[in-house]
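In what follows, a single structure is set out as structure tokens and then discussed.
The values are calculated or read from the model by the stated rules, or taken from the named source; none is laboratory data. These numbers come from a predicted model, not from an experiment. Here the Cβ positions follow ideal geometry from the backbone for every residue, glycine too, while neighbour counts run over all protein chains shown.
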Amino acid sequence: MNTDLIPVFLGADLNCYNFARAFHEAYGVESYAFGRYAMAPTKYSKIIHFTIVPDIDNEPTMLKVLHDFAKEHAGKKLYLFGCTDDYAAMIIRRKAELPEYIAPGPAADLYGLIQKKAEFYEVCDKFGIPYPTTKVLTAPADPAELTEDKLGFAYPIIVKPSSSVAYWKFPFDGMKKVYTAATPDEAAAIVRQIYASGYPDKMILQKMVPGGDDHMRVLTAFSDENGKVRAMCLGHTMVEEHTPHGLGNHAAIVTEDTTALPLVENIRQMLEACHYTGFSNFDIKWSGEPGDFRVFEINLRQGRSNYYVTASGMNIAKLVVEKWNDGGTDCMLNRNEVFWHHVPAQVAFTYTEDKQLVAKARALKAQGKEACSLLYKPDLWMNPVRYACVLEQLRRQFKKFKTYYPKG
């Protein structure tokens with residue numbers, strides 16, 4: 001156990017639990033987390049000490065909480081991570097005021113340049129990174145301006161905010177992470193509703209890339225304090241969540257040979273040219289055409305499903321602790337295959353449309369190359385309340401998928 005090392009998280013979701021588990025596996029340390037309310041993935045955990053701070057999303061409050069924590073743990077090596085876009089953005093903006101912490105993440109000016117999808121696509125153009133054909137709006141538009149002829153691509157289309165950080169600050173009934181519009185009238189109505197909520201940034205309208213969840217890929221990269229990419233891990237999505245707020249979150253992944261993704265080198269070059277630091281996470285989709293992969297967005301933090309990286313043998317806590325400032329230049333590209341899931345394996349097998357991918361996942365499970373985020377024995381041992389909580393979370397996934405993704 002490394003008693004001098006303390007991981008600190010803002011958030012209480014699956015992202016937090018996945019990362020805390022990685023630290024516990026690698027160093028035997030327990031983590032501390034702060035959030036506005038408790039969440040099921042971290043409830044009753046023995047490896048996370050969670051404190052509710054109702055206004056932790058207020059930056060002065062965040063700074064006070066973190067400064068007080070640092071004073072209480074003087075002399076310890078403190079690592080700080082945000083587990084949502086909003087928390088990550090807060091840390092990035094105020095990192096200079098938190099010298100007690102090692103907080104891997106991009107510089108504030110770079111964050112402002114690429115966290116919004118519209119601006120990120122401009123950077124992609126410079127490095128030959130393809131993304132879906134896109135129309136950017138800065139205000140509501142009449143349906144007549146959103147016809148197929150005007151957009152340059154056919155309906156149905158994807159509609160989403162350019163800034164997810166700003167978007168979630170203006171809640172409204174029927175709010176979704178991503179929208180699908182079948183007609184110009186529907187697209188105009190979605191855009192109008194989002195702007196009416198107070199959302200201040202650009203809107204993205206995109207050509208729909210064909211294929212289901214199993215056409216999605218996720219790429220996680222870790223860059224050290226010098227901006228060198230030190231590790232990359234590719235995951236092939238089996239199935240995603242389909243609840244309105246969870247749409248697009250990975251539910252099950254099979255890791256694949258990272259070198260097989262044609263865009264890996266382009267993305268590495270982009271990150272290093274931008275002097276990016278910390279974790280980055282890319283949502284990518286295969287169009288069905290050979291070699292045609294389209295990048296949807298970059299998340300400027302570790303992804304919610306980050307345990308798929310740890311499960312592949314590339315423990316993300318060890319990346320931070322051992323490669324952040326070691327002066328190295330090597331870049332590890334994962335080639336190991338493993339089946340990761342946070343829903344029951346049977347849910348993943350039932351709702352994944354690509355049956356060859358299901359067969360691969362079943363084979364990996366049979367070989368013991370499998371990991372479920374919440375089924376962590378050291379946290380469940382002699383912890384019956386946590387055990388019951390985890391079983392209930394897994395049980396509820398059957399109903400969620402039956403309700404929101406009625407197929408299979």
Next item on the list: Could you tell me whether any residue of region 205-219 is hydrophobic (A, V, I, L, M, F, W, C), within 30 Å of Y79 (Cα to Cα) and under 18 Å from the mean Cα position of the chain (by Cα)?
Entry: yes
Margin query: Let me spell it out: the conditions are (1) surrounded by fewer than 14 Cβ atoms within 10 Å (Cβ to Cβ); (2) within 23 Å of C124 (Cβ to Cβ); (3) hydroxyl-bearing (S, T, Y), and T329 meets all of them except one. Which number is the exception?
Written below: (2)
Note to self: Tell me which strands (runs of 3 or more DSSP E) are completely within region 168-269 and hold 2 or more residues being polar (S, T, N, Q) and buried (at least 20 other Cβ atoms within 10 Å of the Cβ), or say none if there are none.
What the structure shows: 216-223
Notebook entry, point to check: Residues of region 354-390 being surrounded by 14 or more Cβ atoms within 10 Å (Cβ to Cβ), among the hydrophobic types (A, V, I, L, M, F, W, C) and either in contact with a Cys (Cβ under 6 Å, 6 or more places away or on another chain) or farther than 24 Å from V29 by Cα (or both), which ones?
Noted result: L357, V358, A361, L364
Margin query: Of the conditions (1) of a type in the set (S, T, N, Q); (2) out of contact with any Gly (no Cβ under 8 Å at 6 or more places or on another chain); (3) at pLDDT 95 or above, S163 satisfies every one except a single condition; which number is it?
Written below: (3)
Next item on the list: Looking for whichever is under 14 Å from the mean Cα position of the chain (by Cα), under 22 Å from H215 (Cβ atoms) and not acidic (D, E) here; the options are A345, A260, A252. Which one fits?
Entry: A252
Check: Just for strands (runs of 3 or more DSSP E) wholly inside region 30-136: which have at least 2 residues that are outside the structural domain of D326 (by TED's automatic domain parsing) and either within 19 Å of the chain's Cα centre (by Cα) or modelled with pLDDT under 95 (or both)?
Finding: 31-35, 77-82
Next item on the list: Kindly list the number of the only condition in (1) without any contact (Cβ under 8 Å) to a residue 60 or more places away in the chain; (2) buried (at least 17 other Cβ atoms within 10 Å of the Cβ) that fails for R301.
Entry: (1)
Check: Looking only at residues in region 284-316 that are of a type in the set (A, V, I, L, M, F, W, C) and assigned to a loop (DSSP other than H, G, I, E, B), which one is nearest to P210 (Cα to Cα)?
Finding: L300
Checklist line | Candidates V343, V347, V358, V321, filtered to the one that is of a type in the set (V, I, T), in contact (Cβ under 8 Å) with a residue 24 or more places away in the chain, assigned by TED's automatic domain parsing to the domain that holds N249 and part of a loop (DSSP other than H, G, I, E, B) | finding: V343
Checklist line | Selection count, region 18-41, where residues are closer than 21 Å to D55 by Cα and touching a Ser or Thr at 6+ places or on another chain (Cβ under 7 Å) | finding: 2
